[in-house]
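Undergrad: I am attaching a structure below and will ask some questions about it afterwards.
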Amino acid sequence: ERLVILDVAENTTYELQNDLLHWYGEDFPLSVEIASVRDRQRLERIFAKYRPQLVFHAAAHKHVPLMEGCPEEAVENNVFGTFNTADMARRYGAEKFVLISTDKAVNPTNIMGATKNLCEEVLQGLRGVGGTEFAAVRFGNVLGSSGSVIPLFIDQIRSGQPLTVTSPDMTRFIMSLEEAVELVLFAFEHAHSGDILVKKAPACTIGVLAQ
């Protein structure tokens with residue numbers, strides 16, 4: 001019945017709002033809220049107002065090098081922001097909550113990955129508390145997404161520079177925007193509370209890693 005966009009970044013949110021109204025018409029049932037997931041009181045007012053049935057949670061600091069230098073910001077925004085949003089979803093009766101996580105949450109070797117691992121633990125801790133189902137999807141690098149390393153690699157190739165690969169032992173997992181959206185929608189349709197979903201390469205079949 002209604003799509004609610006909640007974001008702290010007003011410029012990209014404004015652009016998204018304009019795109020949706022352009023594609024679907026001025027009568028498209030859309031609401032836009034500028035807010036931070038760190039602000040529990042503001043979140044509570046928004047959840048009380050709309051009482052969303054389905055919640056996508058993608059708010060996170062995700063630049064690995066920047067978070068190495070600002071670990072407290074990564075914890076505050078990623079871990080506590082996830083708890084605040086998930087807790088409000090539970091309190092206000094959301095049917096399902098899907099966290100956009102990362103492959104870096106697996107045996108994390110950096111601050112960003114460690115915080116996203118904790119985000120997944122937050123959801124595990126909320127399992128069975130109320131009627132909301134909590135699930136997560138793990139993405140690698142999504143082509144065309146905000147924060148992807150791919151544009152950096154493309155710029156380096158175009159300028160004839162070597163690729164800045166952190167470690168020769170690192171494996172990077174890359175997926176398209178369409179595959180990412182498919183995984184999120186699959187999670188909404190099929191995931192159960194506690195599930196963590198990934199897309200397996202190379203066939204891109206969807207599998208449940210944990211429950």
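Undergrad: When DSSP beta bridges are limited to those with both residues in the chain, what percentage is antiparallel, rounded to the nearest 5?
TA: 20
Undergrad: According to a simple spin-label model (label point 7 Å from Cα along Cα-to-Cβ), what is the distance in nm between Glu182 and Leu66?
TA: Calculated label separation equals 3.0 nm.
Undergrad: A further question follows. What is the helix-to-structure angle for 40-50, meaning the angle in degrees between its Cα long axis and the longest Cα principal axis of the chain, kept from 0 to 90 and rounded to the nearest 10?
TA: Roughly 60 degrees, rounded to the nearest 10.
Undergrad: Calculated from the structure, mean projected area of the Cα convex hull in nm² equals which of (1) 10.4; (2) 13.0; (3) 11.7?
TA: Derived directly from the coordinates: (2).
Undergrad: Something else about it: Among 40-47, 4-11, 80-87, 100-107, how do they line up from the highest to the lowest mean number of other beta-carbon atoms within 10 Å?
TA: Ranking the peptides 40-47, 4-11, 80-87, 100-107 by packing returns 80-87, 100-107, 40-47, 4-11.
Undergrad: Here's something else I'd like to know. Listed highest first by mean packing, meaning other Cβ atoms within 10 Å per residue, what order do 131-139, 62-70 come in?
TA: Final packing ranking: 131-139, 62-70.
Any read-out appearing in this document is the output of simple, stated calculations on the displayed coordinates, not a laboratory observation. Computed from a predicted model, the values in this text were never measured in an experiment. Note that we place each Cβ from the backbone using ideal geometry, even for glycine, and neighbour counts take in every protein chain shown.
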